[in-house]
1. Using a 10 Å cut-off around each Cβ, can you sort 197, 355 from fewest to most neighbouring Cβ atoms?
2. Residues in segment 181-215 near a label at residue 3, defined as backbone nitrogen under 17 Å from the 7 Å Cα→Cβ point?
3. With springs connecting C-alpha atoms under 10 Å apart, model the chain as a Gaussian network and identify which of 364, 282, 273 has the largest mean-square fluctuation.
4. Test of understanding: extend the Cα→C-beta vector of residue 294 to 7 Å, then name every residue of segment 181-208 with backbone N under 19 Å from that spot.
5. Under the definition of Cα pairs under 8 Å and six or more residues apart, what whole-number percent is the relative contact order of segment 282-389?
6. Using a 10 Å cut-off around each Cβ, can you sort 265, 296 from fewest to most neighbouring Cβ atoms?
7. Can you tell me the convex hull volume per residue for segment 54-186, based on C-alpha atoms, in Å³ to the nearest whole number?
8. Take residue 381 and residue 235, extend 7 Å from each Cα along the Cα→Cβ direction, and tell me the distance between the two endpoints in nm.
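Any read-out appearing in this document is the output of simple, stated calculations on the displayed coordinates, not a laboratory observation. Because the structure is predicted, anything quoted here is derived from the model rather than measured. Cβ placement follows ideal geometry from the backbone for every residue including glycine, while neighbour counts extend to all protein chains displayed.
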């Protein structure tokens, strides 16, 4: 694992922490930090609003968009650059032409930011909301049948996470969408990809999702403030921009708006912190040194299974999943310990995990960067917690 050690050495946070919170935010590698600093300095030296600087920024944005497209298997023109998963979801949710009585279906494992947006659609536009019980399918049951059973005649959009942020379950997304469209051919799917991008090998051009919202600051270990939204070209004209700015519009010789950009750039708004884009591209350039996307995913699975197996041997620890994990997220509870208190106790010993509110549990994340000895140390630390009670 010489190559892996060399990659890890480029992450300052990994030198003195046992990091298990990639699903919250990944640590930034030195090349990304340096790229951000260099870009800010370059723009100030060049002149931040000079013609030379603007041309350079345009090229840099295009390169970042192309790097994202390469990772996710779809043309660059299908990606809107955003600042977060939530922004991407908002573009899709507010961009559809909703009518009172239209139906929006969510799972019961969606992020609060998405749920709150859906609730606002109900309040302002009369969209009907319902929730399907995906959480109950973690260890038994059929998520495909669960979603199909919850569809209604006026269902227009289904919102699901590819990897559930609270349990780590991977939904069989391709099969699920095909099965649902056999019943309702015109249904659209918005996918929250906060936990899948940077974990699963992906080919969005083949997957079949209409919207796929993601961020660069979690499993990709890029800077916070840069994300994206894939928009299927087949449904581009069904979505109208809600927040509007110069980056998304075409103008005439007098500088007046004449229409939208011809692709997914139409949902971008205005000035942003462009040096962050170079930071994300630097992070994306680093990861192939750890293997292909498929190879990195297999290592994530090996490491998460090591942690899951070790936790299962501790009397008093309950893993929410009763079969080997499908992703790098492992959720568990410790008998006799409040989850927040346990996470705080572990952080004092340089173990970084997080609490999930529903279901109330502790979540640990294994990345391909995670070392087996870190996992063994975490298992020992949790065993010590149990022994204190």
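1. 355, 197
2. Under cut-off, by backbone N: 201.
3. Residue with maximal mean-square fluctuation among 364, 282, 273: 273.
4. Counting only backbone N, you get 197-208.
5. With pairs under 8 Å counted, the relative contact order is 29 percent.
6. Numbers: 265 18, 296 21.
With the fewest neighbours first, 265, 296 line up as 265, 296.
7. 135
8. Each label point lies 7 Å from its Cα, and together they span 4.1 nm.
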